[in-house]
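Colleague: Provided herewith is a single structure, encoded as structure tokens, for subsequent inquiry.
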Amino acid sequence: MLSKEIRKKFLEFFKSKGHEIVPSDSLVRGTDPTILFTSAGMNQFKEQFLGHNVTYKRAASSQKCLRTADLDKVGETPSHHTFFEMLGNFSFGDYFKKEAILWAWEFMTKVLGIKEEKLLVSVYEDDKESYEIWRNLIKVPEKKIMKFGAKENFWPSNAPKAGPNGPCGPCSEIFYDGGNNNLVEVWNLVFTQFDRKEGGRLDPLPNKNIDTGMGLERVTAVMQGVKTNFETDLFAPIIEELKKYSSKLKTKSLNTIADHIRAVTFAIAGGVAPSNEERGYVIRKLIRRAYLFVKAEKPFLYNIVPKVVEIMKDTYPELLQKREGISLIVKEEEERFRHTLSMAMPNLTEGLKSAKGNVLGGEKIFKLVDTYGLPLEVIENEAGKRKIKLDIAEFNELMEKRKALSRKKSKIADSIFGPGISKKDAPEKVKNIAKNHTATHLLQSALRKVLGEHVHQAGSLVVEDRLRFDFTHMKKMTEREIEKVEAIVNDYIKRGVNIKKVEKPLDEARKEGAIALFGEKYADKVTVVSAGDFSKEVCGGTHVDNTKDIGLFKIRGESSVASGVRRIEAYTAGRARKWMEDNEKKKRETEKSHKRKEKEKHALKQKLKIAEENIGLIIKKAKDIKGVKVIIEEVKNADLGILRSLADRIKEKEKSSFIMLGSKDKGRANLVLGLSEDLVSKGANASDMIKPMAKIVGGSGGGRLDFAQAGGKEPSKLSKVFKIAENIATDIIEGVSK
Ligand code: SER
């Protein structure tokens, strides 16, 4: 049976039992803000378990999940994953243990047809009710009902003692016996009946609930009769594809890479980009782990993305549109990592060679990690090959020290004295950095409001005169969106909200939904920086005291950094004002010069219009010598252009004509001379004729036989030129002279 048929059968079965089929919640930033990735089907129903917002009482789903807790087991066991799908049915104060157990059994044995003798079950040691149901209703032999403590059979595991607070309860599990002592836990039925409170108190919930979870990959392996999940139709094609790129990989490596690339594909589709923070760090780590198995010369993982999409597209069609973008992000991350490796590997080799007594000291490890950016696992890996041990304790100590130092430093001005900055300038600089830093927090909050919760920090730069913020978002922002974001941030600023800094345990900070750096080793207590109810981040940086200290926020540009990652560059306070003013000035100047040009164009048009109106008049005044119209006229305020076009127009109208137009314009004399064809054929040459006239007005001229122009600096000589022109006209028309 194909995995997709199992998924479908599961949902159909529970639909037939009155369940609402609910789509998978987002893998990233789903309904529950306190978790990095959705890790169970029940995450999206937390409120309903507490008795709030119950619109339907029964639900079933196939939920995309990602867990990193078992990262070390992935690839090592047949059935552990980072990304997996969880089939689940839920009851919110409706049916309870009996139905949950009966239906689970019915689905396993009747719908899927798994043989009863292959199944075993477990119950929580104090849960007599479940034991009775299995024993008396289902008739499972006693020896096949195992009893375990809260670590095994409470969900979340060991919740009474260890927490977390919130809905929890005893559970009962169904196992498949694959032979050779190979028991696979396939289905977990949780009887969510308590609300754990601080100190381990278990308050009964107003309603008794059901939360079940069955790993699709595991049940598929059972149904397809294969020993590991990696041989099912969910993984096998991915592994085949991988073999094309590396023929020497061991099965365990292939399985791990296949697992990781699925997780990476789904997380990026959900809007996460590789980074050093939170979710982005998980993805970065998975890509790096996968990449390291192959030690490839060039990026290869990205080639596998389309295969993952092909397998999953029917269930998750959104993958199809994002396929190319995901590939690109993976490729870029691989390239970046390859670069880091190639830069740092020689140092690692050198370092390992210098290891004393086969132990690499913490200081050396620290330098490789801190200065060269090498992931610890690469160092562990290479050291392992050479049988060299690492002094991890010392390394951790140094890391702690450095973090404590940088936390402390970021609070005082000294740490940001760059070259050339005197102590006198420093306080101003610190203030400006604080403005830009707080503005970055506000910007992130505004972006999430306008674009959606998928927006996630992928990088950021805060310096004295500007800020830069990279974030995950698939599309170019529209003008409207940019304006909105800017307006929201400025509104936060105007509201004049005090920036609060509270020290608290990281766990608590996360639970409150504070954005924290993932993979960072924090001290016991972290500082949570918050501004009203709109921003809350774990942050050791320098901030302003009140949002109004930022003064003004201006986005100067939005651009693309990588596929799926956008960048905003912005200014605050005085710099923002200056930028605005500069912009205004530029705008005014362009407007002005535009206006001037418009004006000139308009004036020209006016002049032409007036001149053209005069054509009739000019022609009327013409002297007729033997049928040839002799036109010699001064045109007011006309430049050469106007004179030329006038002469042309007259020539069009008067087929036999001698046209001499002149003007006094801006202290200069302009002249044009046009001759009709008949005069030219008699030997007249306009270009030759105009040259002496040009001399008279103190300039030069020339042209063709039928048309010539001239200009000079003595406009007062125009009438003299006109007299000469009249004589020339008479001469050529009467054939005396040329
Ligand atoms: N929440 C339980 C689990 O994750 C059952 O869905 O195992």
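Colleague: Return the pair list, or none, for Cβ contacts closer than 6 Å from residues in region 353-364 that are within 20 Å of ASN396 (Cβ to Cβ) to residues that are open to solvent by 70 Å² or more (accessible area, probe 1.4 Å), at least 6 apart or on different chains.
Modeller: Short answer, once both residue conditions are applied: VAL359/LYS389.
Colleague: With the requirement that a residue be of a type in the set (A, V, I, L, M, F, W, C), touching a Lys or Arg at 6+ places or on another chain (Cβ under 9 Å) and surrounded by 15 or more Cβ atoms within 10 Å (Cβ to Cβ), what does region 346-378 give you?
Modeller: The answer is LEU352, ALA355, LEU360, PHE366, VAL378.
Colleague: Can we say LYS435 is modelled with pLDDT of 85 or more, in contact with a strand residue (DSSP E or B) (Cβ under 7 Å, 6 or more places away or on another chain), part of a strand (DSSP E or B) and not aromatic (Phe, Trp, Tyr)?
Modeller: Against the criterion (modelled with pLDDT of 85 or more, in contact with a strand residue (DSSP E or B) (Cβ under 7 Å, 6 or more places away or on another chain), part of a strand (DSSP E or B) and not aromatic (Phe, Trp, Tyr)), LYS435 does not qualify.
Colleague: Also: Going through region 600-624 one residue at a time, which ones are in a helix (DSSP H, G or I) and not aliphatic (A, V, I, L, M)?
Modeller: Hits for region 600-624 are GLU600, LYS601, HIS602, LYS605, GLN606, LYS607, LYS609, GLU612, GLU613, ASN614, GLY616, LYS620.
Colleague: So which pairs qualify, if the first residue must be in region 452-463 and touching a residue at least 60 places away in the same chain (Cβ under 8 Å) and closer than 20 Å to VAL282 by Cβ, the second must be assigned to a loop (DSSP other than H, G, I, E, B) and among the charged types (D, E, K, R), the Cβ gap must be under 6 Å, and the two must be at least 6 apart or on different chains?
Modeller: Final answer for the pair search is GLU453/ARG29; GLN457/GLU277.
Colleague: Any chance you could count how many residues in region 489-501 are open to solvent by 60 Å² or more (accessible area, probe 1.4 Å) and touching a strand residue (DSSP E or B) at 6+ places or on another chain (Cβ under 7 Å)?
Modeller: 3
Colleague: Which ranges mark the helices (runs of 4 or more DSSP H) fully within region 1-110 that have 3 or more residues being at pLDDT 95 or above and open to solvent by 30 Å² or more (accessible area, probe 1.4 Å)?
Modeller: 3-16, 97-106
Colleague: Now, a different point. Test VAL630 against the criterion of being in contact (Cβ under 8 Å) with a residue 40 or more places away in the chain and either surrounded by fewer than 19 Cβ atoms within 10 Å (Cβ to Cβ) or of a type outside the set (Lys, Arg) (or both), and give yes or no.
Modeller: Yes: the conditions hold for VAL630.
Colleague: When region 472-485 is examined, which residues are found to be under 22 Å from ILE550 (Cα atoms) and in contact (Cβ under 8 Å) with a residue 60 or more places away in the chain?
Modeller: ILE482, VAL485
Colleague: Can I ask one more? Residues that are crowded, with 18+ Cβ neighbours inside 10 Å, out of contact with any strand residue (DSSP E or B) (no Cβ under 9 Å at 6 or more places or on another chain), in a helix (DSSP H, G or I) and of a type outside the set (A, V, I, L, M, F, W, C): does region 289-296 have at least one?
Modeller: Looking for residues that are crowded, with 18+ Cβ neighbours inside 10 Å, out of contact with any strand residue (DSSP E or B) (no Cβ under 9 Å at 6 or more places or on another chain), in a helix (DSSP H, G or I) and of a type outside the set (A, V, I, L, M, F, W, C), one finds at least one in region 289-296, hence yes.
Colleague: Please work out which residue is surrounded by the most Cβ atoms within 10 Å (Cβ to Cβ), limiting yourself to region 445-476 and to residues that are under 30 Å from VAL430 (Cα atoms) and of a type in the set (Lys, Arg).
Modeller: Going through the qualifying residues, I end up with ARG448.
Colleague: Next question, about the same structure. Taking region 708-726 only, how many residues are closer than 17 Å to ASN685 by Cα and surrounded by 19 or more Cβ atoms within 10 Å (Cβ to Cβ)?
Modeller: Of the residues in that region, 5 qualify.
Colleague: How do the pairs read when you match residues in region 487-499 that are of a type in the set (Ser, Thr, Tyr) with residues anywhere that are open to solvent by 30 Å² or more (accessible area, probe 1.4 Å), using Cβ under 8 Å and keeping only pairs 6 or more apart or on different chains?
Modeller: Short answer, once both residue conditions are applied: TYR492/GLY532.
The values are calculated or read from the model by the stated rules, or taken from the named source; none is laboratory data. Owing to the predicted nature of the structure, the values given are computational and were not obtained by experimental measurement. Neighbour counts are summed over all protein chains in view; Cβ atoms, including those assigned to glycine, are modelled from backbone coordinates with ideal geometry. Protein only, heavy atoms only, side chains kept; ligands, DNA and RNA dropped before computing areas. Shrake-Rupley method; radii C 1.70, N 1.55, O 1.52, S 1.80 Å.
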